[in-house]
2 protein chains.
Amino acid sequence: MTSEALLSRLRDVAGDRLSTGTAVREHHSRSESHHHGVLPDAVVFPASTAEVQAIVAACAEYRCPMTAFGAGSSLEGHVVPVHGGISVDLTRMNRIVRLNAEDLDVTVEAGVTRKQLEKHLRSSGLMFPLDPGADATLGGMASTRASGTTAVRYGTMRDAVLALTVVTANGRAIRTGSRARKSSAGYDLTRLFVGAEGTLGIITELTLRLHGRPEAVAAATCWFDSIDDAVASVIAIIQLGIPVARIELLDEVQVDAVNRHSRTSYPAAPMLFFEFHGLSAANVAEHAAEVSGIVEAQNGHDFTRADSPEARAAMWQARHDAFHASLALRPGSRAWTTDVCVPISRLADCIRETKADLATSHLLGPLVGHVGDGNFHLIMPVDPASAEDLAEAERITDRLVERALAMDGTCSGEHGVGLGKMRFLEQEHGPAALDVMRAIKQALDPLNLMNPGKILPEAGSR
Amino acid sequence: MTSEALLSRLRDVAGDRLSTGTAVREHHSRSESHHHGVLPDAVVFPASTAEVQAIVAACAEYRCPMTAFGAGSSLEGHVVPVHGGISVDLTRMNRIVRLNAEDLDVTVEAGVTRKQLEKHLRSSGLMFPLDPGADATLGGMASTRASGTTAVRYGTMRDAVLALTVVTANGRAIRTGSRARKSSAGYDLTRLFVGAEGTLGIITELTLRLHGRPEAVAAATCWFDSIDDAVASVIAIIQLGIPVARIELLDEVQVDAVNRHSRTSYPAAPMLFFEFHGLSAANVAEHAAEVSGIVEAQNGHDFTRADSPEARAAMWQARHDAFHASLALRPGSRAWTTDVCVPISRLADCIRETKADLATSHLLGPLVGHVGDGNFHLIMPVDPASAEDLAEAERITDRLVERALAMDGTCSGEHGVGLGKMRFLEQEHGPAALDVMRAIKQALDPLNLMNPGKILPEAGSR
């Protein structure tokens, strides 16, 4: 239990931005998934890197665990404390620090959300293209190495982050890079903290790469008789190097869920949603025509352009509604999501075997995928009170991960490890690589206070 | 001095692939730069990851330093031992392990060179686009986080490596990733070993991203009255997001050197060399036309297409000859190269101030740059026996790095730290970040045997 002495120290730092109220603590023990932990003893809302430093130093002195919290949109339980302690909520750190339009970069505080940044950039001709669906904080997106629908063209947070400010476990603040586009000057600390889920330090600021808004944007949809035909189209598009900006797969279960929830009328069949970004209308038309030809050759149907801003917005809204549309299939349910990524040549096999598994299950599992990267999800609505549901969702997840790893893939394409994927890490990386991760954790957080119990199974729980 | 007992152990592992001959040891104490170290006590040429494991385990037991060696094309002294010990030459590990054409990836041993891979891929329709100039080994390129002329379009080794096999300091072999295009499954060990210059382990295999060979390629040159106009063109091209595949700057000194060495007849003025990759001739023509318009608006002259394979080959040969052309300006000299990278908005300032510095120096400093990334080099021919030359080259380098860091740039864009940039690391990253790097080094190589005396200044030498 966090001592009164520590709480008093934290109050000195943050004043009334320290809360011990039950509702606030409960909010910080949950995220948008089936995972749950315990209540933090208190929640603190720092307003600057210096305050985070003071909080971390105080917690270190009192040997008190710290868990960083952003928008709470995590899907694997990263922000859920497992040992109580202090929840460090970064949402008050929501300033755009500096936009360098000429250099296509921006520095933001960790609590700035993706949509807030997008709004700020609107008049600049620039954009931050990463789109994981949720309006996550950028600090959270970096911490989970998030990506989403546009990663096939613009990469993931690994690629988007130029530099970070991080408060490490000893309360010091470091900057992990510069605004240079590339560097060979020492160990890549930026990439070490991206995806570390707050277990090595707390990200307080990020310098991000931006892109010019494309002069022309086009979009299209098409449907297939089988998932195999859809995936074969994707493979051909990627192999030809057609620079699609998004290429999303929805299976027939997902399309049906979307139709019910978003009042769309897509054919209840496997579908691909495309977006093209280019220098000119002629340029994107060329990309779309190439894709149309491939789709036709793979028995695709009704390749339909949706180029107007309104048509595109409706289409991507439907895609983004997939999560809630899936939950709506079973009122009152919570989402159990999966997230594997495999080499694209194995994608059709992986999806086919997974759907065969689901066909024998009592659970529904609508499938959506960022298939240009070989990444897909099931969104299984479960009753969190039903042991049977949870056991079945776990069984399906276990078999899916097993399958992905056998195909030289990964147990998490973009959602991170958190609590949900810890049990797969040793199988994916092997004991020697996991020992390297443990050595890094031990070196940078020797007291195991930074989001303990995430990513690396703790000694007691192995 | 390496003991006979250790040499005998290494002979058990590698048989006659262990050499203690003077010529071989001398070759492994040098690289293509002015840096020099000491002779290794012996050179071993392992043929497999298992042999590297046995070598590392034996050296660890005898507390013997190890320095990995590839093509020897390093420019900052990475492969030059400073404490003797064993040079681990990976050039016998030159097998292409597995090409997965459908997935656009290939797994190679660390001693495979860039040109060897390119030759292997020739009939596959695929390419490995990274081109640092030298025919470096891919293990060496990963270890220095190399990039080169195509990074503006295809990224650096940071982006090109999907997974590594690494022998760590305890003799264990780990695989740092899978063939999945993206992953959020734990700490990014791949990016930690990319750029670690063999100080955390020895890379023995790499899985690399490939790209489809572009259907159409075009190239062009143009010249300017001033470097400022040339750089202004580059900034406009990058900001508009025109997907140039290469955009290289040569200053008038470099163009003159190239003309003399390669018997070309370019105007002795600042020049830009371009390459465009696209889906069709129309596509690259569109890119070239956009660039031509920008160049014209910035007072550029003679935008000239060089599209035939022969014309392009001649042009890029001239560009690649820049290094030797610079040395030829002063027969018998060695190269002192610099390598900074700055935000592109500061590039013209940085180059202008650097050229003003050179104008007052007795040294020549032809300038070449991967300017789409804000990265440029001086290639200063120096007499390695002249204390005056070396002091002056160091002075110019110091002032250049100072300037780049003040502009929020980096002391090394792509050549790495090695011996040459160690003294700038604390200034670039700050003491707290450098302590994080030291903690990682200490955790993964507690005996300080993996390429000791590189990247991080040793306690005694600070």
May I ask for the percentage of alpha-carbon pairs in segment A:210-329 that lie more than 21 Å from each other?
37
Return the long-range amide H neighbours of B:Thr204 (sequence gap of 5 or more, or a different chain), with a cut-off of under 5 Å between placed amide H atoms.
B:Thr165, B:Val166, B:Val167
Show the residues, 5+ positions off or on another chain, whose built amide H is closer than 5 Å to the amide H of A:Glu414.
B:Ser184
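Local charge sum around A:Leu90 (other residues, Cβ-Cβ under 13 Å, Lys/Arg +1, Asp/Glu -1)? It would help to have the intermediate numbers written out before the result.
On the way: positive: A:Arg17, A:Arg92, A:Arg95; negative: A:Glu51, A:Asp89, A:Glu109, A:Glu205.
Result for the neighbourhood of A:Leu90: -1.
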Debye sum, Cα scatterers, segment A:1-41, no solvent: what log₁₀ I/I(0) at q = 0.17, 0.29 1/Å?
-0.53, -1.01
With every atom except the alpha carbons ignored, what do you get for Rg and Dmax of chain A, in angstroms?
22.1, 70
For the protein assembly as shown, alpha-carbon Rg relative to the globular expectation (2.2 N^0.38 Å, N residues):
0.93
Under-19-angstrom lysine pairs by C-alpha in the protein assembly as shown, whenever the two are 8 or more apart or on separate chains:
9
How large is ³J(HN,Hα), in whole Hz, for each residue of segment B:304-309 in order, when computed from phi with the Karplus curve 6.51 cos²θ - 1.76 cosθ + 1.60 and θ = phi - 60°, using x for Gly and Pro?
10, 6, 9, 8, 5, x
Sum up the charges of everything whose Cβ sits under 10 Å from the Cβ of B:Ser19, counting Lys and Arg as +1 and Asp and Glu as -1, but leave B:Ser19 out.
0
Considering the Cα trace of segment A:227-276, what is its radius of gyration and what is Dmax, both in angstroms?
12.1, 36
What is the dipole size for segment A:102-208, taken about its Cα centre, with +1 at each Lys and Arg Cβ and -1 at each Asp and Glu Cβ, in debye to the nearest 20?
120
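Can you pull the Kirkwood radius for segment B:70-126, inverse mean 1/r over Cα pairs, to one decimal in Å? Working shown, then result.
On the way: mean 1/r = 0.0756 Å⁻¹.
About 13.2 Å for segment B:70-126.
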Computed on Cα atoms, Rg of segment A:252-307 relative to 2.2 N^0.38 Å comes out at 1.31
Can you list the residues, at least 5 places off or on another chain, whose amide H is less than 5 Å from the amide H of B:Arg213, using H built in the peptide plane?
B:Leu126, B:Met127
Isolated Cys in chain B by the 4.7 Å beta carbon test?
B:Cys222, B:Cys341, B:Cys350, B:Cys411
Whole-Hz ³J(HN,Hα) for each residue in segment B:209-226, computed from phi via Karplus 6.51 cos²θ - 1.76 cosθ + 1.60 with θ = phi - 60°, x for glycine and proline: what do you get?
6, 10, 10, x, 4, x, 5, 9, 10, 9, 9, 7, 10, 7, 10, 9, 6, 9
Cα centroid distance between segment A:380-422 and segment A:297-364, in Å?
17
Rounded tilt (10° steps) of A:252-262 against the dominant C-alpha axis of chain A
70
Degrees, to the nearest 10: B:49-61 long Cα axis against longest axis of chain B:
60
Please name which of A:Gly21, A:Met127, B:Leu240 has its Cα lying farthest along the dipole of the protein assembly as shown towards the positive end, using unit charges on Cβ (Lys, Arg +1; Asp, Glu -1) and the Cα centre as origin.
A:Gly21
Considering only protein heavy atoms and a probe of 1.4 Å, how much of the accessible area of the protein assembly as shown is carbon and sulfur, as a whole percent?
50
Between the helical axis of A:227-239 and the dominant principal axis of chain A, each derived from Cα atoms, what acute angle in degrees is found, rounded to the nearest 10?
80
Segment B:1-70 and segment B:257-281: distance between their alpha carbon centers, rounded to Å:
42
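Can you compute the helix-only [θ] at 222 nm over chain B? Use -39500 (n - 2.57) per DSSP H run of at least 4 residues, normalise by all residues, nearest 500 deg cm²/dmol.
Working: 16 runs with 170 residues, N = 462.
Value at 222 nm, helices only: -11000 deg cm²/dmol.
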Evaluated at 20 °C with a viscosity of 1.002 mPa s, what Stokes-Einstein diffusion coefficient in µm²/s does segment B:330-462 have when Rh comes from the Kirkwood expression over alpha-carbon pairs?
134
Bins of 10 Å from zero: percent of alpha-carbon pairs in segment B:187-245
14, 26, 20, 30, 9
Here segment B:344-360 yields Karplus 3J(HN,Hα) values (6.51, -1.76, 1.60; θ = phi - 60°; whole Hz; Gly and Pro given as x) of 4, 5, 9, 4, 4, 4, 5, 5, 4, 5, 5, 5, 5, 4, 5, 4, 9
With 10 Å bins from 0: P(r) over segment B:118-205, alpha-carbon pairs, percent
17, 46, 32, 6, 0
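Find the Cα radius of gyration of segment B:310-378, compare it with 2.2 N^0.38 Å by division, and give the number to two decimals. Each step should come with its number before you reach the end.
On the way: Rg = 13.5 Å, N = 69, 2.2 N^0.38 = 11.0 Å.
Computed over Cα atoms of segment B:310-378, the ratio equals 1.23.
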Name the chymotrypsin sites (Phe, Trp or Tyr not before Pro) in segment A:178-276 that are in a loop by DSSP and that have at most 10 other C-beta atoms within 10 Å, would you?
none
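Calculate the tail of P(r) for segment B:22-100: the fraction of all Cα-Cα distances greater than 18 Å, expressed in %.
Details: 1279 of 3081 pairs.
Cα-Cα pairs of segment B:22-100 separated by over 18 Å account for 42 percent.
The values are calculated or read from the model by the stated rules, or taken from the named source; none is laboratory data. These numbers come from a predicted model, not from an experiment. Every residue, glycine among them, receives a Cβ derived from its backbone with ideal geometry; neighbour counts consider all protein chains shown. Each accessible area value is taken on the protein alone, full model and side chains, heavy atoms only, with ligands, DNA and RNA left out. Shrake-Rupley method; radii C 1.70, N 1.55, O 1.52, S 1.80 Å.
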